[in-house]
Structure formats: structure tokens, C-alpha cells
């Protein structure tokens, strides 16, 4: 489901901007990487932070006009499509804590 969530976000970015699917996916990957968020496991809280703080600048870098409106539209459209917080498996959490 989580990787499907990434695809939904990318599709929404294509819908609300002039970016191709490949450009949208790449731009989102860069933003997630800068935020330190795993594209395989994220929730609305993560997405909101990325769309508020990182994506407007990334969209401007790729020539999107009115980047904040695009980010707002994506966030609004994702309200019912994503969980509030990321759901990570118990094993993943323990592995991450062990490597910290």
C-alpha cells in the first residue's frame, strides 16, 4: 500500500502541474530524500511537512508556477487517501533503533 501511496502523490502532482510522470516522481523522490522520509512508508504528517517546507522550492526548481497552490491541492486531495501517520512494522522500528 505504501508504495502505491507514493504513486498516488506522483499522479496528483502530474494532475495539478505540467510535469510529466517521470518528472513528478523524480521531484517527489528528491523532496522525500531531503526530508529523510522513506517513500515506502509515510503518512499525512510526513507528506504535509514535505509539501509545506520542501516541495514548493523543488517545484520552483523545475519551473512550476504557483508551487504553493500545487502543494496545497495535493495535500487537500490526499486527506482521505493516506493514513495520518506512517505505519512501520515492529521489526523495522527495532532495526532502526538498533542502528541509531
Open item on the list: I'd like to verify a number: residues in segment 26-37 that are part of a loop (DSSP other than H, G, I, E, B) and touching a helix residue (DSSP H, G or I) at 6+ places or on another chain (Cβ under 7 Å), how many?
Closed with: 1
Task: Number of positions in segment 80-100 that are surrounded by 10 or more Cβ atoms within 10 Å (Cβ to Cβ) and at pLDDT 60 or above - done: 1
TODO: Among the residues of segment 55-68, write down those that are assigned to a loop (DSSP other than H, G, I, E, B) and either surrounded by 19 or more Cβ atoms within 10 Å (Cβ to Cβ) or touching a residue at least 60 places away in the same chain (Cβ under 8 Å) (or both).
DONE: 64
- [ ] Can you tell me which residue among 48, 40 is in a loop (DSSP other than H, G, I, E, B) and either farther than 17 Å from residue 6 by Cβ or touching a helix residue (DSSP H, G or I) at 6+ places or on another chain (Cβ under 9 Å) (or both)?
- [x] 40
Task: Enumeration of residues in segment 24-45 that are at pLDDT below 90 and under 14 Å from residue 74 (Cβ atoms) - done: 42, 44
Open item on the list: Just to verify a result, which residue in segment 16-25, among those that are touching a helix residue (DSSP H, G or I) at 6+ places or on another chain (Cβ under 9 Å), part of a helix (DSSP H, G or I) and without any contact (Cβ under 8 Å) to a residue 24 or more places away in the chain, is surrounded by the fewest Cβ atoms within 10 Å (Cβ to Cβ)?
Closed with: 21
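The values are calculated or read from the model by the stated rules, or taken from the named source; none is laboratory data. Remember, predicted model here, so these are calculated numbers, not experimental data. Quick reminder, even Gly has a Cβ in these numbers, built from the backbone with ideal geometry, and neighbours come from all protein chains shown.
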